[in-house]
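Read the figures in this text as sums done on the coordinates, not as results from a lab. What you are looking at is a predicted structure, and each value in this text was computed from that prediction instead of being measured. Backbone-built Cβ (ideal geometry, glycine too); neighbour counts: all protein chains shown.
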């Protein structure tokens, strides 16, 4: 590890902690329906939207109505995207004529299962991509079919989490807010203004924004190279802020057109965490005890920084088998290079790559600036574990905090009894129904990851079958041994966690993987969101119990330690055996000079 | 009053019955097998899974026995099967032993009820012998020394020593007498000396013993809300581990194919891992903890009508305590004579004593006692032919007439009127003294006679019980507010509340006001506990989250409360709260312990299960592939490691039974310190202990040659 590498991580952390409070404060204003400084610009627009759509913003919803609205809205969005993807051949803004008879030879066809997988992927804020954007998607598909969801799915997550926070903040009522109002306000006041400024910034750094056909260039070796173009900046902004992660190009944020400079890299990393971090402050603000929010942030931050340094450490140690070949792998160079440089951008170096990999998997984003497949086994374990823990270390927009809150509820329930009272969290008693919902949330995640990985690792299918061309499900991996297993595990973890980053090395574009990973994404999104909303509905009815010196304190260092302990133990207990057969055994084998 | 009775021992352990008695053990042993019935087992999802697992391994074992698997394999399989059954049996044993203590009591109780013959009074001095179970409410019975009291009732005549050990376990006899606090008797107890005339107040079949039998036997034991919630958590964890373990088979199949060596995991190892991972420790002990909690309350001579009430006691935020009997000794005592100007203290004492000679109230007796300090003892009363005037609601004063001399004592306003009627002046200084005493929480009693006018005042003081201040401070630390309920005016109440260290008080309390206070507290989200004995307490007792009724109280009060204190000691509410807290803490601590245990078990079983995978290097010995590096405990072999983990998992249940029954050590302190302490012991302890434990068992197994494959 180099000093400059560690400094980059520390500077990033400081910036993050500094902006948490202002962002959270502003988010609270927006979601509580207060006047913000943008009111005079957007207030009219907001009222106009309500008038045109016939929504009464004053109307409060029961959690079932809220959930019903959310689900219907998401379903319609998914169908909309599916239709656009299937019809992109006959729709405009398709300069490269994808999905038509005159499509370029390198184009991938938009099959029904790929369209289904993609529609689900973007609706669920996953952005798992079984295709390369530049040789599959028309500009219209990118901008309308996909980017639409980048905004909407993030706003949906934000709304759902706000509803859960209201469950804690309100007392003795039955309603958790108005879904349409939450949706409109978050889009108008949070996502639109920030992405507007953000896109301009990205353009200033060199991110492209055009509708031009692909450029054909002649390289110095005299080879013809096709350089894809497109409206990248706008999509890039919401891809990062909305923690979607679906790159315009296959290389994602490692591509110079998506992420050209160290500065753009820093801002991209920050933009993945600002909303989830702001959410913790918003939680504290809404339950009228900001210490509660800071405690959650502390737990998230500690897990994040631990992960980052573990990942960075193992990347710096590199691969012993390369060192044996007398290749210089020491990291004592200013540029933070050396160690394991496979699959990395030299522009970013080890620290920024490890940091980005940790952030993107903590935040359920899935954008990448290095290949996770090429990380050393234990460094690669970190992104995988981050996802498996339920995407709660900062996590997705909203989904991160509601996941963390569910773990807080579990922590309080398991350990809270030790102070001799039935458990309570921020003044709400945790009872049967709450525990049930919290357990359903945890169960849904591990069910989907484990069962689908089990299927993927043993399911026999006929060779060249229409459902999976390579035959058996385990034939889709491009590497043998434990690394191949990790590829399957990562695929379903990433889908279920709605992360969307790929470990790569897995041929995902077959009907089998398209459909199973789409189901995993749906389970990971809605079967975790519905219990969270049901929890909101249960909590909101409860009376507030004022804290006393006999109450389990949920704002101090002790609680933070305990919360981290429960997250790690529950996560570790669930996935440790699987990880043993993946990255852990691979690590031991690497030191026995066996590589995969 | 002796000084001894003023001090209060904090959290008195009333009865020290040994945890394990031979009879209970024997019975629990039998019950552990009876409880294997799947219908009974189904109530406990965690142990149900273990039982199903045991059945599966048994079937597999016999299959392998028939197909003549090598003996070494059979030995391993047999041991796993056996220890899995032990795990289930140990869990059953824990529950059975917790129930056993109650059941043993219930048996004695039931026996006594059957055979009791009652002497029912037909008319004065005429009795008939009938079976106790035919007694009706309102019957009067006579019980002589050596006989069993046939039913719950109230002593209407007589004083006797009664052995209540059948119910309370306390071998020291208690005194029961007519009138006052000690008039209630319970059926099934024995009169040791003298006799009692008792009016039966409860119908046969609904008596205390009947209720107690069904309570202690746990026949109607319903899971408490928190227990149900915890069960959901445990069931959820069990499902998660089922998923984890069942997917390990396909995962290992993949690894065998990809590595080209080793074997996929066998059923016995998988099942062993499953049983080790699911929270068997807490699953096995959960119901024992609940039953033991009720038992512990019972040992304090409090009968809880449901486990829910005990749980609620742990959650209580506000304690409503009656002043009289709980905070103060119940009787005001004379502590000082304050003479009027021109009167000597001795004269005042003399008059006060004379006026109180016939006054049998505690206040009156305390005046006589105080006056003894002035050497006023022997009196030739007969000479002066005293006429005692007792207190009446009409005159509001009492006193004595000696020939023509009239001495009176009473409240300030009445005596002042009396003095003025005699044409005497009331010195202005007296008013000051009266209000000074009232402000300090005392009661001023004026003494006057018709000759000299006002003689002075007697300072009657409410005596606060010793040790209470510290206990209230403890309660405050635990976040519990204490509110004193009293009929006194606010001035007096404030003074006593300050002296006893209470947080708040409700002065001039009426049942309605009490009710309002409870409602107000509950609306603020707080749980309220209170004690009561009168019929007019009944609504409040019913409304409170924890209502502790006194056994001496009226039937209405007893029915309204969810707990009854046999000793009728209102201070016990504090103990009940502590037991409730201890119960919840035990549950939480063992849950944490149970889950933390899993970490070590992984490090025992995973290397054992996956040891043969990815064996590429020739330097590795068989079964000791790369994953064997996770064997950080240095266990001997795959078989010994799995066996050690399974045995540890079973034995830890047995080891923790005493803790589950006794409850974890409890000391009043604030939540933060409690949490830190318990987390250190049960969280960190649960994480660490299994490592040396499993290692030790592994060595024993190897030493005994029980893992022959090694």
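The table for this structure:
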| read-out | value |
| --- | --- |
| Exposure proxy order (Cβ contacts within 10 Å, fewest to most) of A:559, A:309 | A:309, A:559 |
| Peptide-level mean, for A:479-486, of C-beta atoms on other protein chains within 10 Å | 4 |
| Kirkwood Rh and Cα Rg combined as Rg/Rh, the stretch A:211-327 | 1.14 |
| Nearest 10 degrees, 0 to 90: helix B:490-500 Cα axis against chain B principal axis | 50 |
| Peptides ranked, highest mean first, by Cβ atoms within 10 Å: ranges B:358-364, B:240-246 | B:240-246, B:358-364 |
| Over the stretch B:608-686, equivalent-ellipsoid semi-axes from the Cα gyration tensor in Å | 40, 16, 7 |
| R0 of 60 Å, Cβ-Cβ distance residue B:405-residue B:490: FRET efficiency to nearest 0.05 | 0.95 |
| Number of partner chain Cβ atoms within 10 Å, mean per residue of A:549-555 | 6 |
| Gained length - residue B:535 relative to residue B:129, 0.36 nm times residue gap less alpha-carbon distance | 142.8 nm |
| Equivalent-ellipsoid semi-axes of the stretch B:172-298, from the Cα gyration tensor, Å, largest first | 60, 13, 11 |
| Value in Å of the Kirkwood radius, where the stretch A:374-484 supplies the Cα pairs that are averaged | 17.1 |
| Residue A:75/residue A:192 FRET efficiency (R0 30 Å; Cβ-Cβ; nearest 0.05) | 0.80 |
| Two-decimal ratio, chain B, of alpha-carbon radius of gyration to 2.2 N^0.38 Å | 1.29 |
| Label-point separation in nm, residue A:543 to residue B:655, each point 7 Å along Cα→Cβ | 4.3 |
| Test item: A:562-568 mean partner chain Cβ contacts at 10 Å | 2 |
| Which of B:416, B:261 has the fewest Cβ neighbours within 10 Å, and the rest in rising order | B:261, B:416 |
| Semi-axis lengths (Å, descending) of the ellipsoid that matches the C-alpha gyration tensor of the protein assembly as shown | 73, 39, 25 |
| Point-to-point label distance, residue A:507-residue A:172, nm (Cα→Cβ direction, 7 Å offset) | 6.5 |
| Relative packing of peptides A:535-541, A:398-404, B:89-95 - highest average C-beta neighbours within 10 Å first | A:398-404, B:89-95, A:535-541 |
| All-pairs alpha carbon distance profile, chain A, 20 Å steps from 0, percent | 21, 56, 22, 1 |
| Fraction of beta bridges assigned by DSSP in the protein assembly as shown that are antiparallel (%, nearest 5) | 80 |
| For the stretch A:107-221, the Rg and Dmax computed from alpha carbons only, in angstrom | 19.0, 73 |
| Cα-based helix-to-principal-axis angle, B:362-371 vs chain B, degrees rounded to 10 | 60 |
| Ordering of A:383-394, A:36-47 by packing [mean C-beta count within 10 Å, highest first] | A:383-394, A:36-47 |
| Extension gain, residue A:460 back to residue A:102 (0.36 nm per residue minus Cα-Cα distance, nm) | 125.2 nm |
| Antiparallel DSSP beta bridges within chain B, percent to nearest 5 | 75 |
| Ranking of A:234, A:554, A:162, A:126 by count of other Cβ atoms within 10 Å, fewest first | A:234, A:554, A:162, A:126 |
| Using a Förster distance of 30 Å, the FRET efficiency for residue B:145-residue B:122 (Cβ separation, nearest 0.05) | 0.85 |
| P(r) of the stretch A:22-276 over all Cα-Cα pairs, binned every 10 Å from zero, in whole percent | 7, 28, 32, 22, 9, 2, 0, 0 |
| Crossing angle, helix B:572-610 versus chain B [Cα axis fit, 0-90 degrees, rounded to tens] | 10 |
| Projected label distance in nm at residue B:137 and residue B:523, using a 7 Å step from Cα toward the beta-carbon | 3.5 |
